[in-house]
Structures are given as structure tokens and as C-alpha cells.
Amino acid sequence: MASDVSRDGSENKRKLDEDADAGGWVGPLPSEATQTKKKKVLEYERLYLDNLPSASMYERSYMHRDVITHIKLPVRSSATKVTKICTILMNFHPGQCEWIYNPGDAISTVACSEKSTGKIFVYNGRGSNQPLHTFEKMHTAPLSRIRLNPKYRVIVSADKTGMLEYWTGLPSEFKFPRQVEWEFKTDTDLYEFAKCRTYPTSLAFSQDGKKMATIATDRKVRIFRFLTGKLMRVFDESLTMFTELQQMRQQLPDMEFGRRMAVERELEKVDGIRLTNIIFDETGHFVLYGTMLGIKVINVETNRCVRILGKQENIRVVQLSLFQGVAKQHHKHHPVIKSTTNVDILPQVIHFGPAVWPTTTVESIKLTFFLIFSPISPGWTTSTVFGRTTKGMEVVQRISNLKVNPKTDKPYEDISIINIIVK
């Protein structure tokens, strides 16, 4: 019996020694249980930023003699090739207005709200002053914004109680959209504005329609996933936040900071802060909006401010409009490359494949070279590769999307290089 007890005791002691060697920890070690979060990285971020403004100083236009309240880049309809302007005689005082049709729609509809109520009237932009449809009770307060998400053909309207509504236009008979991934608003974060007793003063959608950006009267920027209505990001741009930021880490000299704070308070007195808008870049990865420190460029994927434009400028930027396309000259019928494209020289020989044919004239000698966009195909002569594009890929991509002759791969419209700089 004694020997059995002794044997059991030695076994227990051995087990205790083994536990002591293991540190006496039961279950996964802390390093195993809490894995370090990977820092979010946006692939090709540098390329996207190269296609956005970066200068610290900007030119000022003296075209207007009073405060500019709105600025908008005209978007030409591919169907009509013109910018439509509508004048409708109404029997009420209009508030918010927005075109709510897509190219190809039979009727160009426009939505207008009554300034003192929550009613929305939809008109034929080319017709009479008789509305095609009226929303009598969708909103109970005056509207602050109406915006069309053209990708999903859904209209979003917001009122001054902070309520947001999704609806469709004439082709879908003004019903609730079937494209969205929610049925009840309680399944979304769209009550966020009402909860915070604020309302949106600006709405914008990314080009793919999947993100919705807002600025509200509480000076917070909120980014939503459009289809689910879920809140994705919140950026606090309140004066309290800027004051705390200045105290923690000086952003501006104290005198300049005080001057800008005075401008912000004056904007609030005259209700001018509601004129601040927010815009997406063409990739949908960045939003831009004006603040007292300058124009902020925010990467919504990585949740960080990647650039502040015009921080040294002695102006308060309110309205923004961004053009990232390739301009066309009106007196010529061919595209002109306006963006910067850097080319590195490469001495090697390959067979060329499908290409676009830009031409230029240097010292009265007409030259033709090719931009290669797809794998090499047989039947092309051996040619010398003299360079590759290192910057301005958006220009190359737009050229590659031009319609070409299927037999020659030559674009139907000539492409001209208007300037060459050799460094």
C-alpha cells in the first residue's frame, strides 16, 4: 500500500514539474490567442495619388465678385452629347432639385422638393409644369439633399430631421429599390443622423455606386456602404477636434489658427458651412472635402488622411469639383493628351502586337510610334522598343479604350501629342 502511495506521489510530482516547465499556462499562449492586426494597405495607392491634385498653391479666379455657393463639373450625356438645363414654372417655392434619369431613359426626369415641406415633385424636364409623380408623405420635414446613384438607378433623399430614404425613378415606377440589400431601415445605420440630431448637407456616390459619402451639420464625414446602408467610416471635422489637435500637435502658428477659427465661426453664423461638399475621385478609394486646414484627401480603405491641399493658402475652400479625364479640343475632332505621362527609354527589340497609333511632328518630320496594350500577335514586324510608361497610366488606359479598326488596329479618331518635354 505504501509503495502504491509512493508511486502515485512521484507521478503527481512529475506532472507538476512538467506543468511548471510549460509555465503553468492552460490553453493557448497570449501571443497565439491575440494575433497582431494586419495594417490595411491599398494596392497601387501611389498611382492613384499621382492622378490627384498635389500642388500646395493654386490659382484664383476673379470671375465672380461675390461668394461662390456652388461649383459643378458638367457631365455630358453619351446619348445627347449636350448638358441639359431645365426651366419649369412651378406653383410652389422649390427647395432641392436633382436630375434623376439615366442616359437612354425615354423621359429626362427631374425631382424638386417644396422648400417649406417634405413633398417631392417629379417632372418631365422637357415637358410642362404638371408633375409626373408626387411624394406626399415620404418626408415630414424640408429636404436637405436629393441625389441620384446612377450605377444602381436609386435616388437618395435626406431631410432636416436626419431621415434618409431610398427610392427609384420613373422606369421602376417610383417604388422601393430591389437592388439594395435591406428591407427594413432598422437593419441599416441610416438612422445615424437622426440619432445624432444632425442631417446631411452633402451627398456623393463613388463611380461604382457602392459607397455613399456624406457631410452633416455636425461637421462629421460619414461613409456608408450603399447597398447595405451600413456605416463604414466616420471622420470628425468639428471645431472641438481641431482645437484639441492644435493643442496636442501644432498644425498652424497660433495666430493663423485663431484667424481660421474666427472664419469658421463666422461661416456657422451665416449658415455657410452647409455649402461644403464632398466628392469621390474616379477610383472610389478617396474622398476630398474642404476644412479649415485645407482640402483633405482621405483614403477610405486605409482610414487615413494621405494629403492636405492648399494648407498654406489664405482662403477657406468650401465647394470642390474634380476633373480627371482627358480634355477634348473643340476645334479639332480628336482626343488630346492632357495628363502627364513619363517614359523611360528601353533599348531592346520585340514583336509588336495590337496597338494605338499616336503621331507627332518633330522638326517637320512626321513620326509614328505604337502603344502596346495586349499580348503580341504574329504577323507584326520586328520593331524597337524605346520606352515604357512610368507615370500617367490613366492616359494610356483611356487611349486603349478607343474604338479601333479591327483590320488595322488603328483608332478611328486620330490621337495627337501636343507637347513633349525631354529631361
### Task
Apply 1/(1 + (r/R0)^6) to the Cβ-Cβ distance of residue 416 and residue 41, taking R0 = 51 Å, and write down the FRET efficiency to the nearest 0.05.
0.85
### Query
Is any residue of the stretch 186-221 close enough, with backbone N under 16 Å, to a label point placed 7 angstrom from the Cα of residue 303 along the Cα-Cβ axis, and if so, which?
221
#### Entry: Net lengthening on full extension, residue 129/residue 243 (0.36 nm per residue, minus Cα-Cα)
36.1 nm
#### Entry: Neighbourhood charge, 11 Å Cβ-Cβ cut-off, centred on residue 242 and excluding it, Lys, Arg +1 and Asp, Glu -1
-2
### Task
Output the peptides 238-245, 274-281, 167-174 sorted from most to least packed, where packing is the average of other Cβ atoms within 10 Å over each peptide's residues.
274-281, 167-174, 238-245
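Order 412, 123, 191 by their accessible area, 1.4 angstrom probe, all chains in place, largest first.
Values: 412 150, 123 5, 191 80 Å².
Solvent-accessible surface, decreasing: 412, 191, 123.
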### Task
Could you check the simple spin-label distance between residue 185 and residue 389, using points 7 Å along Cα→Cβ, in nm with one decimal?
4.6 nm
### Message
As an exercise, use a Förster radius of 25 Å and the Cβ-Cβ distance of residue 56 and residue 225 to find the FRET efficiency, rounded to the nearest 0.05.
### Response
0.15
### Task
Would you mind getting me the FRET efficiency between residue 270 and residue 407? Use the beta-carbon distance for r and R0 = 41 Å, nearest 0.05.
0.05
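The values are calculated or read from the model by the stated rules, or taken from the named source; none is laboratory data. These numbers come from a predicted model, not from an experiment. Here Cβ is always computed from backbone atoms with ideal geometry, including for glycine, and neighbour counts include all displayed protein chains. Areas reflect the complete protein model, heavy atoms only, side chains present, ligands, DNA and RNA absent. Shrake-Rupley method; radii C 1.70, N 1.55, O 1.52, S 1.80 Å.
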